[in-house]
1. For the chain, with a Gaussian network of springs between Cα atoms less than 10 Å apart, report the residue from I62, I40, I25 with the top mean-square fluctuation.
2. Which residue, V71, V54, V17, tops the fluctuation ranking in a GNM of the chain built on C-alpha contacts under 10 Å?
3. Can you give the Rg to Rh ratio of the stretch 3-65, both from alpha-carbon atoms, with Rh computed by the Kirkwood formula?
4. Dipole of the chain (Lys/Arg Cβ +1, Asp/Glu Cβ -1, origin at the Cα centre): which of L47, I22, Q11 lies farthest to the positive side?
5. So how tilted is helix 34-54 from the main axis of the chain? Cα-based, degrees 0 to 90, rounded to 10.
6. Just to confirm the number: angle between the C-alpha axis of helix 57-91 and the first principal axis of the chain, 0 to 90 degrees, nearest 10?
7. How charged is the neighbourhood of L47? Take every other residue with its Cβ under 14 Å from the Cβ of L47, and add Lys/Arg as +1 and Asp/Glu as -1.
8. Quick check: net charge around H91, other residues with Cβ under 14 Å of its Cβ, Lys/Arg +1 and Asp/Glu -1?
Amino acid sequence: MTSQKPISLNQQMILAVMPSIISQIIAFYRIKKLTMGVIIEIGIIGLIIGFSNVMPYPYWLILALAVECLVPLLYVRKWTIQYNRSVKSKHE
């Protein structure tokens with residue numbers, strides 16, 4: 001059995017803020033929230049498709065980039081803090 005170690009919040013935030021689904025999925029995987037991360041990414045993709053259908057080109061792209069970066073960032077931050085607390089409590 002491998003021992004769990006706290007994960008750097010700074011590294012997680014860098015992975016989450018990149019507008020790349022792969023880096024965001026890696027961030028979710030590291031905190032054992034892969035399934036929820038995939039569901040969030042699918043929802044974001046659907047939202048971006050919706051934006052592109054109702055807004056003119058440059059505006060939906062700006063909004064899509066903001067959503068693609070901020071939504072995973074919020075969840076990765078929240079769940080990394082929870083993960084690190086649970087790892088600390090197991091070590092005590």
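1. I62
2. V54
3. 1.10
4. The listed residue farthest towards the positive side: Q11.
5. 10
6. Its long axis makes an angle of about 10 degrees.
7. Here the count lands on -2.
8. Taking every Cβ under 14 Å from that of H91, the sum is +3.
The values are calculated or read from the model by the stated rules, or taken from the named source; none is laboratory data. Computed from a prediction, not measured in an experiment: that's the story for all the values here. In this analysis, Cβ positions are derived from the backbone assuming ideal geometry, glycine residues included, and neighbour counts consider all displayed protein chains. Note: accessible area is taken over every heavy atom of the protein model, side chains too, but ligands, DNA and RNA are not part of it. Shrake-Rupley method; radii C 1.70, N 1.55, O 1.52, S 1.80 Å.
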